[in-house]
Structure formats: C-alpha cells, structure tokens
Amino acid sequence: MLNEINQDAQARMQKSANALIDNFKKIRTGRAHPSILESVMVPYYGSDVPLTQVANVSVEDARTLSISPWEKPMVGAIEKAIMKSDLGLNPASNGDVIRVPMPALTEETRKGYIRQARKEAEGAKVSIRNIRRDANGDFKDLLKEKEITEDDLRRGEDLIQKLTDKFVAEVDSLLESKEKDLMEI
C-alpha cells in the first residue's frame, strides 16, 4: 500500500519535472534550435497541425533555422503561423525555403526570459508540493481506516518528503542551468 502511493507520487513528480524541461525548451536562448518552433501550429487542409508535420526544421547555423515545407503552397501559411506565434521571430522566404534568423538577445530580454524561467520553475515546485500533499493525505486516509499504523504513516511521510526534496533539487538545478544558458553571450 505504501509502495504504491510512493511510486505514484514519484511518477507524477517526474512528469512535473519533464513538463518543466519542455517549458524550458520554449524559452529561447539566442541559439537556433528546432524545439523553439515545436509549439507553432500551421493551418493545413482545414485543421491546425504542428509545424514539424508539414515541414522539415533544421539548424542552418548558430543563429538561423531553416524550414523546408513538404508542399510549396505551405510557405505563406508557415510564415504567418511563425509571425503569429508570439516568439518574436521574423521569417524570410526565398520561394522554397523559409529562413528564421534568431535575433540577438538584449540584456532586457534575457532578464525577461530568466523571470519567465523562474516562474515556470516555481510552478513545477508547487506541482511537486501538491503531489506530496496528496500522497500524505492518502497515508492519513489509510491510517483512519486502520489499514496502516502510525509508524507506517511516519515512514511513508518521510519517504514522500525525501522524494519531494529530490525533485525540488532537480528543478533548482534545471533552473540554474537555464539561467546560465540565458546569460551566455
């Protein structure tokens, strides 16, 4: 019973950490990386699909992404979708290929991205703490139903606290590396 709650909490905390990693991918660092465009949706035959399903996205050089649509008529739609995406990118096409230059980050934009990264990290920590609260509540419910002893309750709460500390430390290290990445010139 205790192991099941512990494993469930660990799996959920890992999902929170993975979600943070995905959110950090969307915060650009000044270097070109295809994951920046993962959230861009392009209208394709009446429905919105991810950009990666209608074109090949590759890194041309350190500050430029190259997008090669699989169908030539998609060039205009892809350009519009990138401009609407709130990423602050201005694509330029030469007929078949769309090039997306990454503008250099100013000190102000870097600080804004760091604030955004800290907010995302705090959200992940809150999520992890909520999972801890749920697991501790499950332990207390089991105690009320007399399925476990008070010693088991303490042992379970200690395990969950250690798990929480581990994942909060992981979130802190992810944030630290992202901040370091953002401050590189």
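A short reminder: the numbers here are calculations on the coordinates, not readings from a lab. Bear in mind the structure is a predicted one, so any value in this text is a computation, not a measurement. Heads up, the Cβs are rebuilt from the backbone with ideal geometry, glycines too, and the neighbour counts pull from every protein chain shown.
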Could you identify the single residue in Val100, Val126, Val171 that is in contact (Cβ under 8 Å) with a residue 60 or more places away in the chain and under 22 Å from Leu20 (Cβ atoms)?
Val171
I need a count of the residues in region 129-159 that are in a helix (DSSP H, G or I) and without any contact (Cβ under 8 Å) to a residue 40 or more places away in the chain.
15
When every residue in region 80-93 that is without any contact (Cβ under 8 Å) to a residue 40 or more places away in the chain and within 16 Å of Val49 (Cβ to Cβ) is compared, the one surrounded by the most Cβ atoms within 10 Å (Cβ to Cβ) is Lys80
By residue number, the members of region 118-159 that are touching a Phe, Trp or Tyr at 6+ places or on another chain (Cβ under 8 Å) and of a type in the set (A, V, I, L, M, F, W, C) are Ile128, Ile148, Leu153
Among the residues that make up region 59-71, is at least one of them out of contact with any His (no Cβ under 6 Å at 6 or more places or on another chain), assigned to a loop (DSSP other than H, G, I, E, B) and free of Cβ contacts under 8 Å to residues at least 24 places away in the same chain?
yes
Hey, can you tell me all the residues within region 25-54 that are more than 24 Å from Pro73 (Cα to Cα) and in a loop (DSSP other than H, G, I, E, B)?
Lys26, Ile27, Arg28, Thr29, Gly30, Arg31, Ala32, His33
Could you list all residues from region 20-55 that are under 16 Å from Thr164 (Cα atoms) and surrounded by fewer than 16 Cβ atoms within 10 Å (Cβ to Cβ)?
none
